[in-house]
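Below is one structure, written out as structure tokens; the observations come after it.
Readers should treat all values here as calculations from the given coordinates under stated rules, not as data from a laboratory. As the structure is a prediction and not an experimental result, all values here were calculated from the model. With ideal geometry, Cβ positions are generated from the backbone for all residues, glycine too; neighbour counts draw on all protein chains shown.
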Amino acid sequence: MVHEGQRQEKTVWCSQVRLWSVAVISIALLSTCFIINCVVTYHFTYGKADKRLSELHTYHSSLTCFSEGPGVTEKVWGCCPSTWKSFGSSCYFVSTEQNFWTKSEQNCVRMGAHLVVINTKAEQNFIVQYLNTSLSYFLGLSDPQGNDNWQWIDQTHYEENVRLWHESEPNFSAEECASIVFWGSRGWGWNDVFCDSKRNSICEMKKIYL
């Protein structure tokens with residue numbers, strides 16, 4: 001009877017050891033997965049932000065960051081080059097240099113940006129605060145074939161996006177680029193213009209989030 005009891009105790013002890021072993025191994029695996037997930041998350045968030053920050057520092061000497069509200073665990077900061085204007089998820093720069101449309105886009109690209117893409121009336125209302133009513137500014141919108149197939153520079157779908165043309169515009173197929181201009185009582189609106197005319201321009205880039 002003593003031997004039988006010892007065998008039962010040994011069996012129970014072995015079962016407990018197996019259960020604890022499974023539990024320890026499971027915890028170890030979960031911990032490993034958590035660590036790997038943290039590393040991957042850091043790589044895809046902070047890693048990308050660090051790379052973008054490094055790229056922007058080649059064009060801009062300093063950045064200004066704004067609190068964008070609380071994130072999951074801490075505040076989120078949105079950063080723009082110090083001389084640019086912040087709105088929504090983008091930064092904007094109003095160029096005082098007049099150039100052709102293609103040259104204007106190249107200048108934006110050199111700063112890590114592109115000619116502005118206007119997605120909402122609110123966005124346009126923000127931008128025009130910084131524009132001169134006597135000037136015309138290129139947008140990142142063009143009709144390369146002159147067949148009323150307008151395209152945004154960042155591939156935003158034109159037909160599904162806001163369109164804020166002045167009344168009766170666009171009206172001339174040879175004018176294959178778009179600008180924003182102030183027309184008296186009509187206020188600010190878009191106008192089709194010649195791409196090889198020299199105008200001011202507006203650049204846009206996505207904010208860096210930290």
Additional length obtainable on full extension of the chain from PHE172 to SER67, 0.36 nm per residue less Cα span: 33.3 nm
Which listed pairs, of LYS103/LYS198; LYS85/LYS206; LYS85/LYS121, have C-alpha distances above 19 Å, in listed order: none
Cut-off 14 Å (backbone N to label point 7 Å along Cα→Cβ of ASP196), residues of region 96-121: 100-103
Distance from region 78-107 to region 148-200 (C-alpha centre basis), Å: 18 Å
